[in-house]
Amino acid sequence: MSEAAGRVGVLGGTSGIGLASAQQLVRAGHQVTIAGRDPGRLRGALATLMDQADGRTVDATDRVALDSFFEGTGGLGHLVVAVTGARGGGPFRELDLAEVLEGIEAKTLP
Ligand SMILES: NC(=O)c1ccc[n+]([C@@H]2O[C@H](COP(=O)([O-])OP(=O)(O)OC[C@H]3O[C@@H](n4cnc5c(N)ncnc54)[C@H](OP(=O)(O)O)[C@@H]3O)[C@@H](O)[C@H]2O)c1
């Protein structure tokens, strides 16, 4: 990804794979905007990133909030989607079907 590619948005960038991606992107010199729902987690994540990163709270299941998030970024060159965690995973006998379905649905956001 070239630096001229524009700001990179990372939905779900406050933890796990999304945060690791944001850290790599910042180290590679990219401007990054991370997002997640929890303000405390967002603050903690931003503390691990350098000045090229900013962040916003947004719930990716909320269409209106999501539109506002994208408008607030001023335009993104790329988007990484890493929302949801291990919900719906685990030993087969212990799986909760509702959680499995929620996990699948969440992976198709936004
Ligand atoms: N970890 C792995 O080894 C692995 C391997 C293969 C695939 N994956 C997939 O990669 C994705 C991320 O996994 P992870 O392990 O990095 O999960 P994670 O550590 O739980 O991170 C999930 C991120 O998404 C945010 N998030 C969750 N729901 C959201 C919502 N509705 N709106 C906005 N942000 C939301 C979380 O912050 P908030 O809770 O504050 O919103 C957090 O920043 C999942 O789809 C997972 O299945 C993970």
- Item | Condition check for residue 55: surrounded by 19 or more Cβ atoms within 10 Å (Cβ to Cβ) and under 29 Å from residue 102 (Cβ atoms) | yes
- Note on the structure: Pairing a residue in the range 35-56 that is farther than 19 Å from residue 68 by Cβ and of a type in the set (S, T, N, Q) with any residue that is away from the ligand (no atom under 12 Å from the Cβ) and outside any helix (DSSP H, G or I), where Cβ atoms lie under 8 Å and the two sit 6 or more apart in sequence or on different chains, gives 52/29; 52/30; 52/31; 52/32
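Determine whether residue 27 is among the charged types (D, E, K, R), exposed (fewer than 13 other Cβ atoms within 10 Å of the Cβ) and more than 11 Å from residue 11 (Cα to Cα).
So residue 27 passes the test.
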- Message: Could you check the range 52-94 and list, in sequence order, the residues that are near the ligand (Cβ under 8 Å from one of its atoms) and over 23 Å from residue 40 (Cα atoms)?
- Response: 89
- residue 89 is checked against (1) under 30 Å from residue 31 (Cα atoms); (2) not in a helix (DSSP H, G or I) and fails just one. What number does that condition carry? (1)
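Since every read-out is calculated from the coordinates, none of them should be taken as a lab result. The structure displayed is predicted, hence computed values, not measured ones. No Cβ is skipped: glycine too gets one built from the backbone with ideal geometry, and neighbour counts run over all protein chains shown.
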